[in-house]
Each structure stands twice: as C-alpha cells, then as structure tokens.
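Accompanying notes for the structure given below.
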Amino acid sequence: MPLVAHTNLPTFQRLKEEGEDILSPQRAEQQTMRELHIGLLNMMPDAALEATERQFFRLVGACNQISQFHVHPFTISGLPRGSGAQAHIDTYYESFEKIKADGLDALIISGANVTHDQLSEENFWLPLTEVFEWAQENVTSVLCSCLATHALIEWRYGIRRTRLPAKRWGVFSHTVTDRTHPLVAEMNTRFEVPHSRFNEIFQVDMEQKGLIVLARSDEAGTHLAVSPDGFRIVFFQGHPEYDDISLLKEYKREVLRYYRGEREDYPPFPEHYFNAQAQAVLNDYAQHVQIAKQHASALQAFPEQLLLEHLDNTWRDTAKAVFNNWLGKVYQITNQDRRLPFMDGVDPNNPLGL
C-alpha cells in the first residue's frame, strides 16, 4: 500500500517525483479498506477462452494482498462460439447488463481473432464500442490487450492500425521510456514481453494524439502506453499475460495448419523464444512433417514434452509489477460505490495528479 506524507519530510516529494505512490493525509483519511471489482471482457476464441481467464486472473491475484479482488468475466455478441465454450459462458459469465447495473472499479479487455481487413467490419465491433462508451463514463481505468488496444484507439482517436509485412511474433526486449510514471514504478527499466500480431499502431501516431508511451522496443515497437490523462486507459500491444507455453501452443497450431494445407510455408520460429536445443528438436520434427505431408502419411505427435524444459518466462515479474501498480492506483482513486468512477476531489482529466 502507498506511503502517507504525514509530515513535510522532503523524501516524500522526491519519491513522488520518481513515480512512487505518496498520499496526502487528506486523501488517506478518505480511504477505507475494501474489495475491488474488476471486469474481464474475454473476446478470445474458444480454444483460448479459459486460458485467457487464468492468465489475467493470475496477474490480478498476484497484486497487493491487502485488497480483495472480485473479477467478473463477461463477453459480447458477434463472436462465434462452439457449444462447449457457450456452455462455459452461460454457466460462469455475467451479462453486460448485469455488469452495467452493478458497476466496476476497473476493466480488462482481451484480444480477439478477426476475419475482416477493417475492425469496424467485424460482427463484434458495435457491441465492443458499446462497452467502450459505457466504460468511458463509469469505470476508473480500462486496460486493453492487443486487439482491444487497436480497436479502442481507432474508436476513440481515429487511428487505424497498420498491417505489418510479416507477423510480429516472439519475445522482445523493451525499455521504459518514462521512468517517473506511476505505472512503471519499481519496475525493471529493461524487460521482455511476448508479441503475437499482424498489425501495429506506431509510436508516432500515438503521440500525435497525445497518448503517452511508457515502454517500447526497437524490434517490436510500442508495448505500453496510456491515454493523455495518464491513467483512464492503459494500452498493451504485447501479451505480458502469456504463459511460458503460449507461443509454443501457437507455433504448434501453425505447424498443424501447414500439414493440413491451410498455409503454404512452414512456420518460422517465434523470435527470441526457442533456445538452440529446442530448435534442434523442432527442426527434426519439421523434416518429419514435410515428409508426412508429401506422402499423405500419419503425423507423429508434436514433441511438446521435449520442449517444456527449454522454455523460459522472462516477462511474468514485470507483468505483475504493472498490474500491481495499475490496481493500486485504481484503489486509491475509485469511489466506494463501484457504480461511480472516482472518489470526491479526483479530476477525471488528470486522475493521478501528474
């Protein structure tokens, strides 16, 4: 929990300038310990639906243990669902109508698969923008992942994402570009994040609209940014929520697509992800796949178990730090009534007082 500046000790001001959480006595007196209610709009396809739940729940649960976190998963129409996934949603998810009636302190919006060149052509576009519009007025802060980042930036700022020459796929090194912002306080100034996307919104376009870039990569572009007010919207272009096996699962899927003739080329390795031993195993398997495809013979099982010991998770601690900072700030400024976004005295246009 944050420090309270109960005296005029200069150290408090110095820490605040470095991005640390420092409360005035007046703000501290307004706070009472309570739970936070966090929405998870899960738009991921059926195969990743429950894994996405676990990934984001895990990051929320790793935050400051003083507060109690209630995570409310929900989804929207316009996303194709099989019977199994739909049954899971019907059993465990809340409706958006209930979410609106009860209120949220914070909202996480996942990525999604797309089938059209323009996001506005997707069947889920209008339902998603309804969530955007409601959250803008009623939620303290919204955190967007990958596709959700591209969709909200297009809806709010009119910037359309750009198709990349090749898929941005792998684990990339990033550098914090604004070390004083509270979202990156106590974080490593250089860290890694997985990316998996065909499209990008570039830093120059973000900054022209007043967005504040907090972390970027020379190879992968901007990963972490916030809205011009500094906090109401948090944008991820990468996937810090990924498990260590997430890119492995994606690579396996692409290998099987090649074998079935759904893609012409054999998939390249995700960059900076497989070590030399893993690549050797996968190169041997690639020869088998190509021969099996050529002769229409049965495919041996993907050697997943041989690869697990060679996978490293180099991003989880940083992801936890960002989530801890994010929800810690939500806790400090959200209203006790979860239907209202801010406690009295908080400026919605500069909620962190930056």
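The values are calculated or read from the model by the stated rules, or taken from the named source; none is laboratory data. Because the structure is a prediction, the values reported are computed rather than measured. Neighbour counts are summed over all protein chains in view; Cβ atoms, including those assigned to glycine, are modelled from backbone coordinates with ideal geometry.
Would you mind stating whether TYR258 is aromatic (Phe, Trp, Tyr) and in a loop (DSSP other than H, G, I, E, B)?
No; evaluated as a whole, the condition is false for this residue.
Of everything in the stretch 54-64, what is of a type outside the set (Val, Ile, Thr) and under 12 Å from the mean Cα position of the chain (by Cα)? Give them in sequence order.
Across the stretch 54-64, the qualifying residues are GLN55, PHE56, PHE57, LEU59.
Considering only residues that are farther than 23 Å from ARG260 by Cα, of a type outside the set (D, E, K, R) and part of a loop (DSSP other than H, G, I, E, B), which ones fall in the stretch 294-325?
Across the stretch 294-325, the qualifying residues are LEU311, ASN313, THR314, TRP315.
Only one residue in THR32, THR11, THR52 is part of a helix (DSSP H, G or I), of a type outside the set (A, V, I, L, M) and modelled with pLDDT under 85, so which one is that?
Criteria check complete, one pass: THR11.
Just to verify a result, which residue in the stretch 93-111, among those that are of a type outside the set (Ser, Thr, Tyr) and either in a loop (DSSP other than H, G, I, E, B) or outside the structural domain of VAL234 (by TED's automatic domain parsing) (or both), is farthest from PHE57 (Cα to Cα)?
First, pick out the residues of the stretch 93-111 that are of a type outside the set (Ser, Thr, Tyr): 94, 96-109, 111.
Those left that are additionally either in a loop (DSSP other than H, G, I, E, B) or outside the structural domain of VAL234 (by TED's automatic domain parsing) (or both): 103-105, 111.
Values: GLY103: 19, LEU104: 16, ASP105: 15, GLY111: 15 Å.
So the residue we want is GLY103.
Mind checking which residues of the stretch 181-198 are polar (S, T, N, Q) and either surrounded by 14 or more Cβ atoms within 10 Å (Cβ to Cβ) or outside the structural domain of ASP229 (by TED's automatic domain parsing) (or both)?
SER196
Between ALA106, ALA62, ALA87, ALA51, which is exposed (fewer than 15 other Cβ atoms within 10 Å of the Cβ) and on the phi < 0 side of the Ramachandran plot?
Checking each option against the conditions leaves just ALA87.
In the stretch 138-190, how many are farther than 14 Å from PHE235 by Cβ and of a type in the set (A, V, I, L, M)?
Residues meeting the conditions: 7.
Only one of (1) within 25 Å of GLU192 (Cβ to Cβ); (2) surrounded by 15 or more Cβ atoms within 10 Å (Cβ to Cβ) fails for VAL330. Which number is that?
In the conditions (1) within 25 Å of GLU192 (Cβ to Cβ); (2) surrounded by 15 or more Cβ atoms within 10 Å (Cβ to Cβ), VAL330 misses (1) alone.
Just one of (1) out of contact with any strand residue (DSSP E or B) (no Cβ under 6 Å at 6 or more places or on another chain); (2) surrounded by fewer than 18 Cβ atoms within 10 Å (Cβ to Cβ) trips up GLU271, so point out which.
Unmet for GLU271, out of (1) out of contact with any strand residue (DSSP E or B) (no Cβ under 6 Å at 6 or more places or on another chain); (2) surrounded by fewer than 18 Cβ atoms within 10 Å (Cβ to Cβ): (1).
Taking only the stretch 66-83 into account, find how many residues are at pLDDT 95 or above and more than 23 Å from the chain's Cα centre (by Cα).
Of the residues in the stretch 66-83, 2 are at pLDDT 95 or above and more than 23 Å from the chain's Cα centre (by Cα).
Any residue at all in the stretch 200-212 that's more than 24 Å from ARG54 (Cβ to Cβ), at pLDDT 95 or above and in contact with a helix residue (DSSP H, G or I) (Cβ under 7 Å, 6 or more places away or on another chain)?
yes
Any residue at all in the stretch 178-189 that's part of a loop (DSSP other than H, G, I, E, B), more than 23 Å from LEU352 (Cα to Cα) and either among the aromatic types (Phe, Trp, Tyr) or touching a residue at least 40 places away in the same chain (Cβ under 8 Å) (or both)?
Step one: of the stretch 178-189, the residues part of a loop (DSSP other than H, G, I, E, B) are 178-181, 185-189.
The next check asks that each one be more than 23 Å from LEU352 (Cα to Cα); those that pass are none.
Taking every residue of the stretch 178-189 in turn, none turns out to be part of a loop (DSSP other than H, G, I, E, B), more than 23 Å from LEU352 (Cα to Cα) and either among the aromatic types (Phe, Trp, Tyr) or touching a residue at least 40 places away in the same chain (Cβ under 8 Å) (or both).
Name the one entry in VAL114, VAL131 that is on the phi < 0 side of the Ramachandran plot and either assigned by TED's automatic domain parsing to the domain that holds GLU250 or outside any helix (DSSP H, G or I) (or both).
After ruling out the rest, the residue left standing is VAL114.
In the list LEU282, LEU211, which residue meets the criterion of being surrounded by 15 or more Cβ atoms within 10 Å (Cβ to Cβ), in contact with a strand residue (DSSP E or B) (Cβ under 7 Å, 6 or more places away or on another chain) and hydrophobic (A, V, I, L, M, F, W, C)?
When all the criteria are applied, what remains is LEU211.
Go through the stretch 37-49 and report how many residues are within 12 Å of the chain's Cα centre (by Cα) and either in a helix (DSSP H, G or I) or among the basic types (Lys, Arg) (or both).
0
Somewhere in the stretch 233-244, is a residue under 24 Å from MET44 (Cβ atoms), surrounded by fewer than 21 Cβ atoms within 10 Å (Cβ to Cβ) and not basic (Lys, Arg)?
Yes; the residues of the stretch 233-244 include at least one that is under 24 Å from MET44 (Cβ atoms), surrounded by fewer than 21 Cβ atoms within 10 Å (Cβ to Cβ) and not basic (Lys, Arg).
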